[in-house]
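**Q** Quick one: the structure is below, questions incoming.
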Amino acid sequence: MPKRGKKYKAAVELFDKHELYETEQAMEIVIKTAGAKFDETIEAHYRMGLDGRHADQQIRGAIVLPHGTGKTKRVLVFAKGPKATEAEEAGADYVGAEEMAAKIQKEGWFDFDAVIATPDMMGVVGRLGKILGPKGLMPNPKSGTVTMDVAKAIAETKAGKVEYRLDKTNIVHCPIGKASFGPEKLQENFEALTAAIIKAKPAAAKGQYIKSATVAATMGPGVKLNPQKLG
């Protein structure tokens with residue numbers, strides 16, 4: 001068990017860690033727990049009533065949060081010809097093809113936060129699966145990052161699009177903004193994300209879909225929400 005610092009212990013004292021809070025209350029509390037010197041990211045964690053080992057119980061998608069994430073994402077686009085020009089004009093930070101793949105493979109280059117690719121480039125990008133996959137950076141049609149409409153994908157990513165997916169422990173982790181957003185914006189982002197996850201409910205899901213939900217600041221403890229009130 002990791003040793004907790006004084007700030008973390010003080011944050012725990014601000015609320016009842018066994019209580020299930022309403023969304024509005026939870027956002028107010030989680031902001032109070034963000035006591036670091038930097039603007040802490042607030043993340044939502046959902047424990048799902050799914051078994052990710054079964055393909056028909058997987059969930060994955062993306063949503064543009066109403067108030068963004070508070071972070072400006074650096075976008076790498078794999079494209080050639082007119083689509084590369086379109087990506088550059090749409091504000092992509094890096095655009096290229098095989099030379100970008102080589103830079104990632106040989107130099108361990110990762111000066112980007114999101115990757116978009118046109119379908120014809122997936123032969124090149126596919127070879128980076130073992131590198132990009134574990135970092136959650138692999139382009140995927142379900143999240144809108146494998147597309148011919150690169151301008152739209154770039155705009156959405158820059159506007160605060162987040163990807164959600166079920167991990168191996170059947171939990172969905174996703175940022176919903178910064179502590180500086182205030183409770184109202186965080187609540188609106190959280191509710192938009194929750195609605196997207198509920199909409200993505202697989203037909204094979206049985207029993208309680210969202211078993212538990214927690215919000216936490218980067219350096220703070222988790223604040224539990226009442227899953228029965230989430231939709």
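The values are calculated or read from the model by the stated rules, or taken from the named source; none is laboratory data. Remember, predicted model here, so these are calculated numbers, not experimental data. FYI the Cβ positions are ideal-geometry reconstructions off the backbone, even for glycines, and counts take in every protein chain you see. With ligands, DNA and RNA removed, areas are computed over all heavy atoms of the protein, side chains included. Shrake-Rupley method; radii C 1.70, N 1.55, O 1.52, S 1.80 Å.
**Q** Pulled fully out, how much extra length does the chain show between K168 and F38, if you take 0.36 nm times their separation in residues and subtract their Cα-Cα distance?
**A** Using 0.36 nm per residue and subtracting the Cα-Cα distance, I get 43.8 nm.
**Q** Further, regarding this structure: According to a simple spin-label model (label point 7 Å from Cα along Cα-to-Cβ), what is the distance in nm between K7 and K103?
**A** According to this spin-label approximation, the distance is 3.4 nm.
**Q** In percent, what relative contact order does segment 6-126 have, based on Cα pairs under 8 Å that are 6 or more apart in sequence?
**A** 20
**Q** Take the alpha carbon gyration tensor of segment 70-112, find the square roots of its eigenvalues, order them as a ≥ b ≥ c, and report rounded if a/c is under 1.5; if not, report prolate when a/b exceeds b/c, else oblate.
**A** Since a/c reaches 1.5 but b/c is at least a/b, the shape of segment 70-112 is classed as oblate.
**Q** Take the alpha-carbon centre of segment 62-90, take the same for segment 160-187, and report the distance between them in whole Å.
**A** The two parts, judged by their Cα centres, are 19 Å apart.
**Q** Could you give the alpha-carbon Rg of segment 153-231 over 2.2 N^0.38 Å, rounded to two decimals?
**A** 1.17
**Q** Taking every alpha carbon pair in the chain, what does the distance histogram look like in 10 angstrom bins from 0, in percent?
**A** Using 10 Å bins, I get a P(r) of 8, 29, 31, 23, 8, 1 for the chain.
**Q** Among the listed pairs K32/K178; K83/K135; K178/K211, which are separated by more than 22 Å between their Cα atoms?
**A** Cα-Cα > 22 Å for K83/K135; K178/K211; rest within.
**Q** Could I ask something else about it? Roll a 1.4 Å probe over the protein chains and send me the accessible area per residue for the chain in Å². Walk me through the numbers on the way to the answer.
**A** Working: 12330 Å² over 231 residues.
Per residue, the chain has 53 Å² of solvent-accessible surface.
**Q** Name the residue from F190, V124, A11 whose Cα lies farthest towards the positive end of the charge dipole of the chain, charges +1 on Cβ of Lys and Arg and -1 on Cβ of Asp and Glu.
**A** The one lying farthest along the dipole's positive direction is A11.
**Q** What ³J(HN,Hα) values, in whole Hz, does the Karplus curve 6.51 cos²θ - 1.76 cosθ + 1.60 give for segment 127-137 when θ = phi - 60°, with x put for Gly and Pro?
**A** So the J values, rounded to whole Hz, are 5, 9, x, 6, 8, 7, x, x, 8, x, 10.
**Q** Using helices alone, what [θ] at 222 nm do you get for the chain, with -39,500 (n - 2.57) per DSSP H run of 4 or more residues, divided over all residues and rounded to the nearest 500? Let's see the in-between values first.
**A** Values: 8 runs with 72 residues, N = 231.
Per the formula, -9000 deg cm²/dmol.
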